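Single-structure report; data block below.
The values are calculated or read from the model by the stated rules, or taken from the named source; none is laboratory data. Here the structure is a predicted model, which means the values were calculated and not measured. Here the Cβ is made from the backbone with ideal geometry for all residues, glycine too, and neighbour counts use every protein chain on show.
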Amino acid sequence: MKQLRVAIVGTGMGKNHIRTFQAHQRASVVAVCLTSQSRADASAKEFGVARGYGDYERMLDDDRIDAVCITAHPGAHAELSAAVLRSGRHVMCTKPLGVDLDEARDLLDLASSSGLVHAIDQNNRFVPVTRFAKSLIDAGTIGTPLFASSSMFLSPAQYFSNPEASPNKNSWFSSHERGGGFLFADAAHQFDRLLWYFGAVRSVTGSTRTAMPEVTADDGTVYDCDAVDSYVGLFEFENGMTVTSTFAPAGWPGNERRLEIHGDEGSILIAGPRWDRDIKLATKNDTEYREIEVPDEFQPSELPEGLSPGLFMLVDRFVDAVLDGSPMSPTFEDGFRTQELIEAVSRASATGMRQVLPLGPDAN
């Protein structure tokens, strides 16, 4: 059986990507790359990977690599992805594509002309409950969608205290300039799901701020933050829908996502701590929401224990796209579309003006 030989750049969140690629029957992780050789060697040993590299240029000289998965900090995404594509290799990159829209646009142009497979890790669209909800919308179960509200809150202190995170993460996550903050971290997932469900956006208004400029982690470390930790986006879709998307920091160790979609014949609610599994439906004859089960057909077949179904299905699609020529989705084009919405919310907040899409490179 032919194997896709993958290198992973970054092993904070990248630990999940290593485990997922290793669990795939048609993929193998052959190298890891970090910012120092000693850390790369230690990570390679930890995960049973043959080779570790302390810089990505040496890694790209290795002709035993077919594809690269980039999980480094956002400020490095565009540079690393471009280098991988120019080396003639397929690439998967965690969101966002870059720290601004110009970086994302340039990278999309390069990827589109490369003839190579490019994938953005916006894997929430593969979460079973997300796919099931889309099937209900497409089948007309709630009639014509009219309005949707997508939201999330969590504790920044809890987030900064994650023992599984890279030791370098908090230094860049607190920095706006380096692509940190919850606008980049959360909005890409919320916005991608909305675009996947409802199509193109016509215009955007919104607001962003840093509500908690100091965050104290569980170990007492205080982080000065200028990255966005709160946002509100109001989207007018081409189909006439109005949709809101919000993120709020919480002062207690909570974490909840919520998506509510109202149509002219019913409503769908995905909410609660089990946001990846719990879904409720109400149609014309109901007086309240009722819980419904996600059918088995929306679950990934033979999901290895302990792995994220969304990430596993994304990796599976990437492997099939490279080895079999199957269609890839989501691609860097999808990543650009979500980044355009992120940029539109930021510009609307800065100017107080409604932003009409598509945004130009020099739009105000």
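Quick notes on this one:
- Test: residue in the range 346-362 that is hydrophobic (A, V, I, L, M, F, W, C), assigned to a helix (DSSP H, G or I) and either more than 20 Å from the chain's Cα centre (by Cα) or not assigned by TED's automatic domain parsing to the domain that holds residue 94 (or both): yes
- Some residue of the range 308-324 being touching a residue at least 60 places away in the same chain (Cβ under 8 Å) and more than 30 Å from residue 25 (Cα to Cα): no
- Screening 23, 7 for residues that are under 23 Å from the mean Cα position of the chain (by Cα), among the aliphatic types (A, V, I, L, M) and surrounded by 23 or more Cβ atoms within 10 Å (Cβ to Cβ) leaves exactly one candidate, 7.
- Residues within the range 177-199 that are out of contact with any helix residue (DSSP H, G or I) (no Cβ under 9 Å at 6 or more places or on another chain) and not in a helix (DSSP H, G or I), tallied: 1
- Total residues in the range 178-217 satisfying the condition of being acidic (Asp, Glu) and within 20 Å of the chain's Cα centre (by Cα): the figure is 2.
- Set side by side, the residues 137, 120 differ, and just one is in contact with a Pro (Cβ under 7 Å, 6 or more places away or on another chain) and not assigned by TED's automatic domain parsing to the domain that holds residue 232, which is 120.
- Matching option when the condition is touching a Ser or Thr at 6+ places or on another chain (Cβ under 6 Å), surrounded by fewer than 19 Cβ atoms within 10 Å (Cβ to Cβ) and among the hydroxyl-bearing types (Ser, Thr, Tyr), among 210, 244, 205: 244
- In the set (1) more than 19 Å from the chain's Cα centre (by Cα); (2) at negative phi; (3) not in a strand (DSSP E or B), the condition left unmet by residue 28 is number (3).
- Against the conditions (1) assigned by TED's automatic domain parsing to the domain that holds residue 183; (2) at pLDDT below 95; (3) of a type in the set (A, V, I, L, M), residue 99 satisfies every one except (1).
- Of the candidates 287, 331, the single residue that is over 23 Å from residue 95 (Cα atoms) and not acidic (Asp, Glu) is 287.
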